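Scroll down for the structure; my scribbles are underneath it.
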Amino acid sequence: AQSVSQHNHHVILSEAASLELGCNYSYGGTVNLFWYVQYPGQHLQLLLKYFSGDPLVKGIKGFEAEFIKSKFSFNLRKPSVQWSDTAEYFCAVNAENYGQNFVFGPGTRLSVLP
Amino acid sequence: EAGVAQSPRYKIIEKRQSVAFWCNPISGHATLYWYQQILGQGPKLLIQFQNNGVVDDSQLPKDRFSAERLKGVDSTLKIQPAKLEDSAVYLCASSLQGNQPQHFGDGTRLSIL
């Protein structure tokens, strides 16, 4: 069965610290990869996506993610976090060999201390 | 553009009662999804529609959950009868096509007493 894992349940950082959130998935073949963010009291929204091409993708608000096919990973990074980045972050995978359904990871809660 | 609309925002019912949620996707989005998000977990796909047809309902507990999208636009999700473990946020999302980024609604928070 498809599965998506996120390494950290809760990450606490100070402002200006660098961020890396891990995401791994369990199946081969062609995948479409996404990171979604849910700010407190708001709905899920797309941060960035990877379909093909350059494995380093840039998203909104200074976030980027790198697709490493050999490691089945799609880690999210930001060089310097802000207090406003406090949110829940979800990795999601759509594997074309498994139909069109999406599988979400369990999420990582990021708390940024001012 | 207007986002995905869901109602109600909150619902409290007793176990064994029935409940229904409504979703209106973004105009022109062919694909509609219902997710269940239990506290502390990621969203779990319950059902995916492409227009008015079901693409995937493999994780929908069909003995108690049902969903329809009769005219290929808005959709309803029903639970009958509800169980305590159904307490969750029910999210609706839509996308232009099946593998495109999804736009989420605010969700319906369901509490079962």
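Within chain A, the proportion of C-alpha pairs whose separation exceeds 26 Å stands at 14%.
The Rg/Rh ratio of the stretch B:49-113, with Rg taken over Cα atoms and Rh as the Kirkwood radius over Cα pairs, comes to 0.97. Would you mind telling me which residue in A:93, A:11, A:37 has the biggest mean-square fluctuation in a Gaussian network model of chain A, where springs connect alpha carbons within a distance under 10 angstrom? Answer for the Gaussian network model of chain A: A:11.
For the stretch B:29-112, the list of trypsin sites (Lys or Arg not before Pro) that fall in a loop by DSSP and count at most 15 other C-beta atoms within 10 angstrom reads B:62, B:64, B:71, B:83.
What is chain A's relative contact order, in percent, from Cα pairs under 8 angstrom and six or more apart in sequence? Here the relative contact order equals 37 percent. For the stretch B:45-92, relative contact order (Cα pairs under 8 Å, six or more residues apart, normalised by length) works out to 27 percent.
GNM, chain B, Cα, under 10 Å: largest mean-square fluctuation among B:51, B:24, B:99? Its mean-square fluctuation being the largest, the pick is B:99. Evaluated on chain B, the Kirkwood hydrodynamic radius is 13.9 Å, with distances taken between all distinct Cα atoms. Taking all protein chains as shown and a probe of 1.4 angstrom, residue A:31 keeps an accessible surface of around 10 Å².
Summary of the geometry: the stretch A:35-114 and the stretch B:43-113, compared by the centres of their Cα atoms, lie 23 Å apart.
The loop-placed chymotrypsin sites (Phe, Trp or Tyr not before Pro) in the stretch B:24-113, going by DSSP, include none that has at most 11 neighbouring Cβ atoms within 10 Å of its Cβ.
The overall shape of the stretch A:4-46 is oblate: from the C-alpha gyration tensor, with semi-axes ordered a ≥ b ≥ c, the ratio a/c is 1.5 or greater and a/b is no larger than b/c. Measuring with a 1.4 angstrom probe and ignoring ligands and nucleic acids, residue B:68 comes out at about 80 Å² accessible. Excluding residues on the same chain fewer than 8 positions from residue A:58, give the lysines whose Cα lies under 28 Å from its Cα. Leaving aside lysines fewer than 8 places away in the same chain, those within reach of residue A:58 are A:49, A:69, A:71, A:78, B:44. Shown is the FRET efficiency for residue B:85 and residue A:39, computed with R0 = 25 Å from the Cβ-Cβ distance and rounded to the nearest 0.05: 0.35. Of all DSSP bridge pairs formed entirely within chain B, close to 90 percent run antiparallel.
Of the listed residues B:63, B:74, the order by accessible area with a 1.4 Å probe, largest first, is B:63, B:74.
The values are calculated or read from the model by the stated rules, or taken from the named source; none is laboratory data. No experiment lies behind these values; they were computed from the predicted model shown. Because the Cβ atoms are built from the backbone with ideal geometry, glycine has one as well, and the counts that use them run over all protein chains shown. The protein model used for the area step is the full one, side chains on, heavy atoms only, and it has no ligands, DNA or RNA in it. Shrake-Rupley method; radii C 1.70, N 1.55, O 1.52, S 1.80 Å.
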